[in-house]
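The values are calculated or read from the model by the stated rules, or taken from the named source; none is laboratory data. Just so we're clear, the structure is a prediction, and the values are computed from it rather than from any experiment. Cβ sites come from the backbone with ideal geometry, for glycine too, and all protein chains shown count toward neighbours.
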Amino acid sequence: MKSIFGTLAALLSIVPPAMAQPSSRADAAGARSPALIVLIVIDQFKADYLTRFGSQLRGGLGRLSRDGAWFTNAYHDHAIAETAPGHATLLSGRFPRSTGIGMNRAGVDDSEFPMLDGATGQGASPRRLRGTTLVDWLRARDAKSKALSVSRKDRGAILPVGLSKQQVYWYSLDGRFTTSSYYTAVLPDWVQRFNARRLPHSYAGRTWKPMLPDSAYRERDSVEVESEGNQYAFPHTIPGDTARAVQWVIGSPWMDDITFAFALDGLQSLSLGVGPRTDVLSVSLSSTDAVGHRFGPDSKEMHDQILQVDRALGVFLDSLYRLRNPATVALVLTSDHGVARIPELAADSIRPAPVRASLRPLLDSVLAGLVRRKVNPAAIDVDQQLILINRAEFKRAKVDADSVLRSFAEAARRLPGIGRVDRFADLARADTVADPVARRWLHQLSAQDSVELVVTLKPGSTWGGNVASHVSPHDYDTHVPIIFYGPQFKPGRYSGFVRTVDIAPTMAAVAGVRPSEKLDGVVLQQALR
């Protein structure tokens with residue numbers, strides 16, 4: 001299969017020697033800080049993919065898991081395992097209760113900062129994010145420190161670097177990388193030149209076929225519940241019409257190739273990592289998420305996607321270390337969340353059988369009752385698994401809000417797929433060591449969020465929507481890899497329990513900078529040289 005990284009040959013051949021061998025910065029104690037910190041996030045990458053497919057990983061994933069400091073027992077230790085909350089933890093070192101990014105819908109959408117040049121999207125910014133990130137801590141030491149963050153998704157690009165107005169770009173469905181007016185008024189020349197190459201358009205008519213012979217895959221290919229019963233078996237062909245192709249490509253492995261190519265172009269154009277300061281490159285890859293939602297984590301497509309991202313990451317690392325001295329680069333790989341299996345494919349032995357749960361019918365019934373009692377229907381709301389109320393409206397109607405909440409909770413517990421319903425205020429008294437679900441809800445929300453009830457699914461059940469989904473506090477949604485790589489780290493496998501909020505303080509320690517606020521994470525000293 002042809003890779004677009006062949007188009008980088010000319011770029012790599014003109015790298016000046018001075019740029020290929022950057023110097024690192026010495027901090028006040030005389031230790032050498034890396035010239036470049038690289039964050040790689042693979043969206044919806046379950047931790048067990050590295051072991052399940054490990055013997056076939058010969059590219060970047062194989063290299064990092066073999067030679068890096070791999071934390072095999074790492075988690076997003078919060079309850080709503082989604083893209084926005086996950087990305088916001090990575091370079092902030094703080095849980096969603098502290099960042100204010102609790103779910104995708106409360107992520108980065110912001111109509112006050114429209115997209116540039118008529119790109120698709122309603123606008124975006126990081127304004128909901130509270131606090132600082134590693135980028136801010138580096139810039140507090142040296143204002144010349146720079147950051148580039150790229151992703152197919154706006155939230156994947158925006159949230160790792162926080163409020164700082166750095167170089168932040170994501171993919172528009174018209175086939176261009178762009179940004180919003182929060183960051184700049186005009187796309188830089190280097191971005192316009194990259195877009196002019198029309199790499200996404202070049203995939204029109206291309207066919208995604210498995211990388212390996214059929215005997216290398218254990219999964220069945222024809223599983224009708226996958227892809228909603230439509231085009232659920234290999235091969236998968238991108239439409240020949242370029243206007244459709246640039247949209248369809250986001251669901252293919254090639255979107256990761258395009259994202260990496262854009263990141264490397266930006267690395268060179270912005271002279272990131274040439275010293276003496278420490279710069280940041282954040283790359284969030286979204287193809288695994290698209291494949292996972294459509295085909296599920298146990299599909300032949302997902303198996304091949306992991307091989308594809310392994311290949312793409314390997315090419316990226318080879319290119320990166322040709323452009324920058326490996327001795328000056330500190331890299332970490334992780335994910336923003338995992339995913340549950342498709343409920344309809346659960347084994348017969350699993351009881352109760354996983355289902356696609358919904359609180360909507362119950363809410364409709366409660367609302368009808370409130371209307372009869374003259375309570376404003378807006379007095380209660382369900383945001384998927386969160387129940388919020390307006391107590392003033394209940395008081396105005398002389399209705400006891402707590403009795404309504406108790407009735408709602410009792411009825412919800414009897415619904416298919418619902419595992420538990422908790423008063424959020426009661427969770428503070430839970431044993432957070434023995435009860436990880438309670439702990440993750442406490443890390444998810446703060447008292448200021450005014451959430452009354454939190455609903456947790458039974459293991460395996462989902463909230464519907466995509467063919468395969470996530471967002472629960474269960475381990476299959478929260479268990480992700482964390483691998484540090486570079487001369488700053490001691491290679492090996494580390495089995496102790498760690499969290500994604502530990503990444504930022506660990507990288508800050510490597511860079512020799514101090515966080516500007518209290519963090520939820522800690523430095524993973526055991527992995528540092």
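Quick notes on this one:
- Sole exception among (1) at pLDDT 95 or above; (2) polar (S, T, N, Q); (3) surrounded by fewer than 24 Cβ atoms within 10 Å (Cβ to Cβ) for Ser23, by number: (1)
- Residues of the stretch 351-397 satisfying the condition of being hydrophobic (A, V, I, L, M, F, W, C) and in a helix (DSSP H, G or I): Leu362, Leu363, Val366, Leu367, Ala368, Leu370, Val371, Ala378, Ala379, Ala392, Phe394
- Selected residue [of a type in the set (Ser, Thr, Tyr) and in contact with a Leu (Cβ under 6 Å, 6 or more places away or on another chain)] from Tyr485, Tyr476: Tyr485
- In the stretch 203-225, the residues that are free of Cβ contacts under 8 Å to residues at least 60 places away in the same chain reach residues that are surrounded by fewer than 17 Cβ atoms within 10 Å (Cβ to Cβ) and part of a loop (DSSP other than H, G, I, E, B) with C-beta atoms within less than 6 angstrom, at least six apart or across chains, in these pairs: Ala204/Gly240; Gly205/Gly240; Thr207/Pro235; Ser222/Ala233.
- Selection count, the stretch 371-403, where residues are within 36 Å of the chain's Cα centre (by Cα), among the hydrophobic types (A, V, I, L, M, F, W, C) and surrounded by 12 or more Cβ atoms within 10 Å (Cβ to Cβ): 7
- Ser151 being in contact with a strand residue (DSSP E or B) (Cβ under 9 Å, 6 or more places away or on another chain) and within 26 Å of Thr334 (Cα to Cα): yes
- Some residue of the stretch 314-322 being touching a strand residue (DSSP E or B) at 6+ places or on another chain (Cβ under 8 Å), under 30 Å from Ile342 (Cβ atoms) and modelled with pLDDT of 95 or more: no
- Matching entry among Thr179, Thr237 (being over 29 Å from Pro34 (Cα atoms) and either in contact with a helix residue (DSSP H, G or I) (Cβ under 9 Å, 6 or more places away or on another chain) or modelled with pLDDT of 95 or more (or both)): Thr237
- Test set (1) part of a loop (DSSP other than H, G, I, E, B); (2) out of contact with any Lys or Arg (no Cβ under 9 Å at 6 or more places or on another chain) - Phe234 fails condition number: (2)
- Taken over the stretch 338-350, the criterion of being over 25 Å from the mean Cα position of the chain (by Cα) and assigned to a loop (DSSP other than H, G, I, E, B) is satisfied by Ala346, Ala347, Asp348, Ser349, Ile350.
- Verdict on Gly93 being out of contact with any Pro (no Cβ under 6 Å at 6 or more places or on another chain) and touching a residue at least 24 places away in the same chain (Cβ under 8 Å): no
- Look at (1) in contact (Cβ under 8 Å) with a residue 24 or more places away in the chain; (2) out of contact with any strand residue (DSSP E or B) (no Cβ under 9 Å at 6 or more places or on another chain); (3) outside the structural domain of Gln44 (by TED's automatic domain parsing) and you find that Ile387 fails only one, number (2).
- From the list Tyr182, Tyr232, the lone residue that is of a type in the set (Phe, Trp, Tyr) and farther than 30 Å from Pro343 by Cα is Tyr182.
- For the stretch 210-234, filtering for residues that are surrounded by 12 or more Cβ atoms within 10 Å (Cβ to Cβ) and either acidic (Asp, Glu) or in contact with a strand residue (DSSP E or B) (Cβ under 8 Å, 6 or more places away or on another chain) (or both) leaves 4.
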